[in-house]
Amino acid sequence: MGQAGDAIPIAELLDERRHLLDVACRMLGRGHEAEWVVAETYRQWYTLSEQDRVRITDPRSWLAKTAGCICLARLALPERRSADLPRRGVRSARLDDSPEEEVGQVLLDALDALAPAARAAFVLEDVFGMALVAVADVVGQSGRECAALAERARHSLRARRARPATPRQHDLVVRAVGEACAVEHSGRLASLLAADVTAFFDGGGKVRALTRPVHGRRQVARALLTLLAGSPRPTLAPHSVNGRTGLIVRHGHQVAAVISLDVAGPHVVQVRVVLNPDKLRLWNRTELALGTPSPQDNASD
């Protein structure tokens, strides 16, 4: 029988696979994608030599960490992030049912609104109880930075659940932010931001953008207005971003940035500015670069 002593009960095998599907579903929000992640996770496991597998003392943790890394890489793909074309009818997984069932839409939207690293830190640490050192390995940041990411994710989720914005409210707030930016009214812009708002600037190492999050309404307002300064000034226009109203920033005929906002009640609680040219490639197709309206231009949510 050779390896009979290494046999694993079928209940444990199924539970392990279920756990990996839950991790992938919560991180990606898509059942079909989660299935692919689990298959890739096991492929990487069997790519290891037998000696390497024997040296792994906790295979389940190794598999969960590997699945998390794969999910994070997919979340960072240019074609998947919110700087690309809006989301289309995504189905997601529910932890207490089959991976093809839908979770509550509010939670799904809230998770979708998080930056990839924050989403990974929250899901792996809070939802699945992964040790912080393992989360840090997945996210590629220090334990302290991961703890801060998870805490900010928790705050964002609490804010959205406590003060959910209707599609119309979200649209009105985002358009007001765009108008305040266009006229450089720092006071008006700050009044539209929550006191503990956070802004993330994604340059992808391809442009000289801020590398650390900016916190606080006055600091975020200043950072946004500084970004949009210059001569000639960039123009802002509302546009559907990941299924909700966001702002596209054009410099001449080029889409130079995409701004997505997380709104709770009457205030913006999180801002994400994508400046990475790779992630803006689809936005710079001819019809978008020339400002030709698309079906999503007037979508409010």
*asked:* Can you pull out every residue in segment 42-60 that is among the charged types (D, E, K, R) and without any contact (Cβ under 8 Å) to a residue 24 or more places away in the chain?
replied: R43, E50, D52, R53, R55, D58
_If I go through segment 258-295 residue by residue, how many of them are among the hydroxyl-bearing types (S, T, Y), outside any helix (DSSP H, G or I) and at pLDDT below 85?_
2
*List the number of the failed condition for N242; all other conditions in (1) of a type in the set (S, T, N, Q); (2) touching a helix residue (DSSP H, G or I) at 6+ places or on another chain (Cβ under 8 Å); (3) at pLDDT 85 or above hold.*
(3)
*How many of the residues in segment 216-248 are buried (at least 16 other Cβ atoms within 10 Å of the Cβ) and in a loop (DSSP other than H, G, I, E, B)?*
5
*Among the residues of segment 146-199, which ones are within 24 Å of R222 (Cα to Cα), modelled with pLDDT under 90, of a type in the set (A, V, I, L, M, F, W, C) and not in a strand (DSSP E or B)?*
A148, L149, A153, A159
*Looking at T166, is it over 21 Å from L280 (Cα atoms), crowded, with 17+ Cβ neighbours inside 10 Å, of a type in the set (S, T, Y) and out of contact with any Asp or Glu (no Cβ under 7 Å at 6 or more places or on another chain)?*
no
_Close pairs from segment 133-156: first without any contact (Cβ under 8 Å) to a residue 60 or more places away in the chain, partner assigned to a loop (DSSP other than H, G, I, E, B) and surrounded by fewer than 23 Cβ atoms within 10 Å (Cβ to Cβ), Cβ under 7 Å, at least 6 apart_ = A136/S142
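The values are calculated or read from the model by the stated rules, or taken from the named source; none is laboratory data. Everything quoted here is computed from the prediction, not taken from an experiment. Cβ coordinates were reconstructed from backbone atoms using ideal geometry, including for glycine residues, and neighbour counts include every protein chain displayed.
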